[in-house]
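Worksheet: the structure to be examined is printed underneath.
The values are calculated or read from the model by the stated rules, or taken from the named source; none is laboratory data. Not measured: the values here are computed from a predicted model. Glycine gets a Cβ as well: all are built from the backbone with ideal geometry, and neighbour counts include every protein chain shown. All accessible areas refer to the heavy atoms of the entire protein, side chains included, with ligands and DNA or RNA removed. Shrake-Rupley method; radii C 1.70, N 1.55, O 1.52, S 1.80 Å.
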Amino acid sequence: MTTYFDYAATCPIQEEALEAYMRSSREFYGNTSSLHDVGTKASTLLEHCRKTFSRLINAEAEGIYFTSGGTESNVLGLHALLDAHPGTHIIASEAEHSSIQNLLTKFEREGYEVSRVPLTSSGYVDVNQLEELMREDTALVTIQHVNADIGTIQPIERIHTLCKKSGSLFHSDCVQSFGKIDLTSITPYLDSLSISSHKVYGPKGVGAVYIRPSLSFRALLPNTTHESGVRAGTVNTPGVAGFTVAADHCVKLIEEHQVIIQKHKKYFLEVIGEVSSEITVFGELNEVPILGLGINGIDGQWTMLEANRKGYAFSTGSACQARSDGPPKTLLSMGVSEQEAKTFIRLSFSHLHSKEDIEGLANCLKKVMADRKSKV
């Protein structure tokens, strides 16, 4: 049996969320855009979910649009902000999720100029360099709220201040932060943000984007009717229902879960203490479930595969880049050498883990390290 430590990649669905998904599949199966009673019933449920998310993220309900997940939410959010601003300059961190990186490549082909901000050696966006890059024609700044590799929490309010000063719009990929840390305090500083269901124990294939309602923008696809014309395609009402239940549960228990996560991290480092001199911790030991490590002299891919053989599942970074060549861009942006960055592994914890799970993981890694030494 495998003990799972890759919750930053995806989570098992919560039982109550699964029940909500199945019930709404049976009872709220109508198309939310249909005008008959069956459609109206489904639409009523959808609007209830929208209002719930409005409360969970402290945002206007009319600015929340349900999507197929974090990637589509990023696509819709960035396109909306660029359409709402006449500028042709974009600023992003070097460590954005691949969905953002791929969008930036598309925008460059379309004539936008993209500037990329490095991270400091501690894993935070270099705000001083960001300020130097800001221009009058900077239309958009996009910075991931929580880094997907090492879990650092970016200074959203400081970045907002710079954006406001130059009149730029601000998007944040909040997929790794929603349900793990409180978003209600940062939402007022953002023009758009993205969240995803399967990161908070909801069903896969569902997400949401918030776009500030006061912005005027054209939809990505013209003549769209669903989601107030912003998102094409029939809404996944059962998925949204499951997402809502899972999200509500996670947000209500954020503080309780944070205490558990911090205990897990502390205990893991205690158990692995005798070999701690051979391990580098990237980022800070905060309340985010992600812990990024480098094990001296051992390729992260090898560590991951050996641990998998021993029954422990974790990753070497974001799942969307797991099959790409090279180490995580996050570490390279921090100034870590490519050789050291190749030793990286990402552990992501859950409130569902037991003390025995944490101890088992630490002992597994110690065994992997000892086995590697014996083969050298």
Among the numbered conditions (1) within 26 Å of residue 141 (Cα to Cα); (2) crowded, with 22+ Cβ neighbours inside 10 Å, tell me where residue 228 comes up short. (2)
Tally the residues that are more than 30 Å from residue 93 (Cβ to Cβ), without any contact (Cβ under 8 Å) to a residue 60 or more places away in the chain and among the hydrophobic types (A, V, I, L, M, F, W, C), restricting the search to segment 335-375. 3
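Each row is one residue, and each column tells you yes or no for (1) assigned to a helix (DSSP H, G or I); (2) closer than 23 Å to residue 231 by Cα; (3) modelled with pLDDT under 95; (4) of a type in the set (Gly, Ala, Ser).
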position	(1), (2), (3), (4)
78	yes, yes, no, no
82	yes, yes, no, no
92	no, no, no, yes
101	yes, yes, no, no
104	yes, yes, no, no
108	yes, no, no, no
114	no, no, no, no
121	no, no, no, yes
129	yes, no, no, no
Confirm whether residue 235 is closer than 21 Å to residue 32 by Cα and part of a helix (DSSP H, G or I). no
Return the total of residues in segment 15-44 being of a type outside the set (Ser, Thr, Tyr), closer than 30 Å to residue 182 by Cα and open to solvent by 30 Å² or more (accessible area, probe 1.4 Å). 6
Take the residues of segment 156-180 that are of a type in the set (Gly, Ala, Ser) and part of a loop (DSSP other than H, G, I, E, B): which is farthest from the chain's Cα centre (by Cα)? 167
Which of the residues belonging to segment 214-231 are at pLDDT 90 or above and within 23 Å of the chain's Cα centre (by Cα)? 230, 231
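Yes/no per residue for (1) surrounded by 22 or more Cβ atoms within 10 Å (Cβ to Cβ); (2) of a type in the set (Gly, Ala, Ser); (3) touching a strand residue (DSSP E or B) at 6+ places or on another chain (Cβ under 7 Å):
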{"site": "75", "(1), (2), (3)": "no, no, no"}
{"site": "85", "(1), (2), (3)": "no, no, yes"}
{"site": "96", "(1), (2), (3)": "yes, no, yes"}
{"site": "106", "(1), (2), (3)": "no, no, no"}
{"site": "121", "(1), (2), (3)": "no, yes, no"}
{"site": "133", "(1), (2), (3)": "no, no, yes"}
Tally up the residues in segment 186-214 that are among the aliphatic types (A, V, I, L, M) and either more than 19 Å from residue 84 (Cα to Cα) or surrounded by fewer than 22 Cβ atoms within 10 Å (Cβ to Cβ) (or both), please. 5
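With the requirement that a residue be assigned to a helix (DSSP H, G or I) and out of contact with any Leu (no Cβ under 8 Å at 6 or more places or on another chain), what does segment 131-155 give you?
Hits for segment 131-155 are 132, 133.
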Just to verify a result, which residue in segment 158-171, among those that are touching a Ser or Thr at 6+ places or on another chain (Cβ under 9 Å) and within 19 Å of residue 95 (Cβ to Cβ), is surrounded by the fewest Cβ atoms within 10 Å (Cβ to Cβ)? 162
Of (1) in contact (Cβ under 8 Å) with a residue 40 or more places away in the chain; (2) under 28 Å from residue 336 (Cα atoms), residue 117 satisfies every one except (1)
